[in-house]
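Each value in this text was obtained by applying a stated rule to the coordinates, not by laboratory testing. Note that the coordinates shown come from a computational prediction; the quantities given were computed from them, not determined experimentally. Neighbour counts are summed over all protein chains in view; Cβ atoms, including those assigned to glycine, are modelled from backbone coordinates with ideal geometry.
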Amino acid sequence: MDKSELNEPNKNKILVKKLNLFYKDYQALKNINLNIKANKITALIGPSGCGKSTFLRTLNRMNDLIEGVKVEGTILLEGENIYEPEVDVANLRKRVGMVFQRPNPFPMSVYDNVAYGPRIHGLKNKRQLDEIIEKSLNLAALWEEVSDRLFKSALGLSGGQQQRLCIARLLAVEPEVLLMDEPSSALDPISTLKIEELIQVLKKDYTIVIVTHNMQQAARVSDVTAFFLNGELIEHGATEEIFTRPKDQRTEDYISGRFG
Amino acid sequence: MNPRSSFDKALIEIQEDIFQLANLVGQAIYNAVQSLIKLDPAGAAQVIMCDEEIDDLYAKIESKCIKIIATQQPIARDLRMVVTGIKILLSLERIGDHAVDIAQATMCIRESELNRKSSEYLTKMSRIVQQMIKDSLEAYSERDVQKAQEMCTLDDEVDHIFTKIFQLLIDNILTDPKSIVQSSYLLYVSRYLERIADHATDIGEAVIYLITGERKKLN
């Protein structure tokens, strides 16, 4: 690819070209072309079953784990096609990490949750680990709330704290891209706002792609919004544009709640 | 089933309220200018009293718009619809205030007759600005960009008459210093009518934004 595309101020982190995805005979994604900008928050919206979560999972090959999935097209991360056979998928998922709908801390201490990734990648030095744990929890805006209970079970934290812990666990392996699949749908409104605030802070250092069913959340947090319907990318553009004057009637109908 | 049917109903209600307000305001300008032409202080007093009704209706519609923003979080065209509604409301309310200004000027003129030429100009200006308000509200109702644009061209005509009446009144003052009080008030009135045309143009711009999402300056 033309490397100059990656050096512009509004740099593309991920280029998706002619992406198709099939679950056996069913085509879940149809000819998706989308550029994901570095250090921006891209929101993926659309009704249930539209393909937005499937699309999110193509970005770190999480769909590989599902039997019968076939992917066509290319996804370039910093210019390298992540679907090339020689790609180390574990390393890809370290670079492109994921936060899920429900917080899923491991049944171990707060400290061990965050240390899990760095340890798997071979880090054993206690002092270095301590530094990474503090830094990651700070980045996830959780350090002040858990610094006195690092060695207690993570399962004792509130839902919102657990979700921020999962984000800290992700940050500990120093990813470049954060994929978030409805990260606050299981949280109360205040915890949701804390996650949204955190996402805003994190975009300085990370590229973030978020799937959300909450229109107002997409409008509040994202820079770019992409609307999916029936496996197609119908429209994408600056969030402000999409939420004030969408070009496609289907986008208008969906975001204004008149869909279906 | 339309999951937003009660919301849609509320939006339609706001629009209908705006038409009602526009009718009141249009009538107020007509009455104000008629009272002036006939130098009828009782008619002018009536215009001033009716402004309370305009202000009450304005406040009622504005509250509905605020409630809809707070409770329904409108976006895209819905958002433009509410924002446009508020802009049109503001313009109409200001036009209503100018009708009161004209009525107050009328009550200050002590002469028994109005300068004939001025009276012709003011009648003409008044007719055009009423037409502008009517057209702008029709463009709003019919979502008609072309009508909104055409309506705004009438503003040039109003500006043209304003220039002429301004010159006429200055000449009157110079040739007949005794006419200074009447002429000064009529200068005010012509200026109010000119401002009303500007507010009508603002309504036209708001209608174009509602339909296209684009901001367009028309005067």
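Tabulated data for the structure shown
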| read-out | value |
| --- | --- |
| Stokes-Einstein D in µm²/s, Kirkwood radius over Cα pairs - the range A:90-147 at 37 °C with 0.692 mPa s viscosity | 264 µm²/s |
| Candidates per trypsin sites (Lys or Arg not before Pro) in the range A:22-100, loop by DSSP, up to 16 other Cβ within 10 Å | A:LYS24 |
| Long-range amide H partners of A:PHE228 with built H, under 5 Å | A:ILE45, A:GLY46, A:ILE234 |
| Nearest-ten-degree value, helix B:116-142 long axis tilted from longest Cα axis of chain B | 0 degrees |
| Structure-based [θ]222 nm, chain A - -39500 (n - 2.57) summed over DSSP H runs of at least 4, per residue, nearest 500 | -10000 deg cm²/dmol |
| Cα long-axis angle, helix A:159-171 against chain A (0 to 90 degrees, to the nearest 10) | 90 degrees |
| Rounded D (µm²/s) - the range A:21-137, Kirkwood Rh over Cα pairs, Stokes-Einstein at 25 °C, 0.890 mPa s | 146 µm²/s |
| Simple label model, 7 Å out from Cα along Cβ direction - A:LYS24 to A:LYS135, nm | 4.7 nm |
| Rounded tilt (10° steps) of B:5-37 against the dominant C-alpha axis of chain B | 0 degrees |
| Integer Hz, Karplus 6.51/-1.76/1.60 couplings in order for the range B:40-57, x for Gly and Pro | 10, x, 5, x, 5, 4, 4, 4, 5, 5, 5, 4, 4, 5, 4, 5, 5, 5 |
| The range B:38-119: GluC sites (Glu not before Pro) in DSSP loop, at most 16 other beta carbons within 10 Å | B:GLU111, B:GLU113 |
| Loop-resident sites, the range A:61-167, for GluC sites (Glu not before Pro), counting at most 13 other Cβ within 10 Å (DSSP) | A:GLU67, A:GLU86 |
| Cα coordinate range in the protein assembly as shown, projected on the principal axes (Å, largest first) | 101, 50, 46 |
| Per-selection Kirkwood Rh - the range B:26-70 (Cα, Å, 1 d.p.) | 11.8 Å |
| Relative compactness, the range A:80-206, computed as alpha-carbon Rg over 2.2 N^0.38 Å | 1.04 |
| Listed residue (A:LEU170, A:ALA218, A:LEU198) projecting farthest to the positive dipole end of the range A:123-260, Cβ model | A:LEU170 |
| Kirkwood-type radius of chain A, with distances r between different C-alpha atoms, in Å | 19.0 Å |
| Alpha carbon centroid spacing (whole Å) that separates the range B:107-161 from the range B:1-79 | 19 Å |
| Rg(Cα) / (2.2 N^0.38 Å) computed for the range B:107-185, rounded to two decimals | 1.41 |
| Mean shadow area of the range B:1-76 over all directions, Cα convex hull, nm² | 6.0 nm² |
| Distance (nanometres) between label positions extended 7 Å along Cα→Cβ at B:ILE180 and B:HIS160 | 3.4 nm |
| Mean projected area (nm²) of the alpha-carbon convex hull when the range A:132-260 is viewed from all directions | 8.9 nm² |
